[in-house]
Every structure is written in structure tokens, then in C-alpha cells.
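Engineer: First, the structure itself, so that you have it in front of you.
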Amino acid sequence: MIIPYKDLQPDTLTGIIREFVLREGTEYGADDVPLSEKVAQVKIQLADGSAFLVYSELHNTVNILPIDQFEQQQNEQEQEQ
């Protein structure tokens, strides 16, 4: 289920994004990018629709997915049904 990011309080949204970018495996290339810049980049992706906040009822978690990964998951779920 997509969560409209605009419906969240700014502090809540920032907290979710910070947790996302601090996860192990989230890489931004060879250069060290400040956390504030990473958070800003994700906010831009949410605003321009290239990423979504997604709630998983199965796992009871919130994740941020790029549009291509979100669409792939949707297609896989449809094929399973």
C-alpha cells in the first residue's frame, strides 16, 4: 500500500527517510555524501514520483522503493494471484 508522503508530519517523514538511508547496503557511490544531502535526495524522489513510501501489511513495515522496484513487486504479486 502506498503511503502519501505529504500526509505525514515533516519530522515523521524525515525519520523514516533517515532510517532508510542509514540501512546497511544503501550506497551513494565512492564519495562520502552527508546524511542531510541523502535525506534531501530521497525527499526529491518522493516529490517527483520516482520513489514511493510503501507499507507492507505482511511485514508491518514502511519502506521506500524506486518506481521500477515498486512496479516489479506489483507485477510479481499479480502473477502469484
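Engineer: Measuring with a 1.4 Å probe in the full set of protein chains, what accessible area per residue, in whole Å², belongs to the chain?
Structural biologist: Here the per-residue accessible area is 74 Å².
Engineer: Carbon-plus-sulfur fraction of the accessible area of the chain, 1.4 Å probe, in percent?
Structural biologist: Details: 2900 of 6020 Å².
Answer for the chain: carbon and sulfur cover 48 percent of the accessible area.
Engineer: Counting other Cβ atoms within 10 Å of each Cβ, which trypsin sites (Lys or Arg not before Pro) in the chain have at most 13 and sit in a DSSP loop? Numbers along the way, then the final one.
Structural biologist: Working: sites: Lys6, Arg18, Arg23, Lys38, Lys43; in loops: Arg23.
Taking the chain and a limit of 13 other Cβ atoms within 10 Å, the loop trypsin sites (Lys or Arg not before Pro) found are Arg23.
Engineer: Using a cut-off of 14 Å between beta-carbons, work out the net charge of the residues near Ile16 (Lys and Arg +1, Asp and Glu -1, Ile16 not included). It would help to have the intermediate numbers written out before the result.
Structural biologist: Details: positive: Lys6, Arg18, Arg23, Lys38, Lys43; negative: Asp7, Asp11, Glu19.
Around Ile16, the surrounding residues sum to +2.
Engineer: Could you run the Karplus curve 6.51 cos²θ - 1.76 cosθ + 1.60 with θ = phi - 60° over region 48-62 and give me ³J(HN,Hα) per residue in whole Hz, x for Gly and Pro?
Structural biologist: Calculated HN-Hα couplings, in order: 8, x, 8, 8, 10, 7, 10, 9, 9, 5, 4, 9, 6, 9, 10 Hz.
Engineer: Given that compact globular proteins tend to follow 2.2 N^0.38 Å, what is the ratio of the alpha-carbon Rg of the chain to that value?
Structural biologist: Its radius of gyration relative to the 2.2 N^0.38 Å reference: 1.15.
Engineer: Would you mind finding the longest exposed-site-free stretch of the chain, with exposed GluC sites (Glu not before Pro) meaning DSSP loop and at most 16 other Cβ atoms within 10 Å? List each step's numbers first, then the result.
Structural biologist: On the way: sites that count: Glu24, Glu27, Glu57.
Here the longest segment lacking exposed loop sites spans 28-56.
The values are calculated or read from the model by the stated rules, or taken from the named source; none is laboratory data. Predicted model, so just to flag it, every value in this text is computed and none were measured. Counting neighbours? That spans all protein chains shown, and the Cβs are built from the backbone with ideal geometry, glycine included. Note: areas computed on protein heavy atoms with side chains; ligands, DNA, RNA excluded. Shrake-Rupley method; radii C 1.70, N 1.55, O 1.52, S 1.80 Å.
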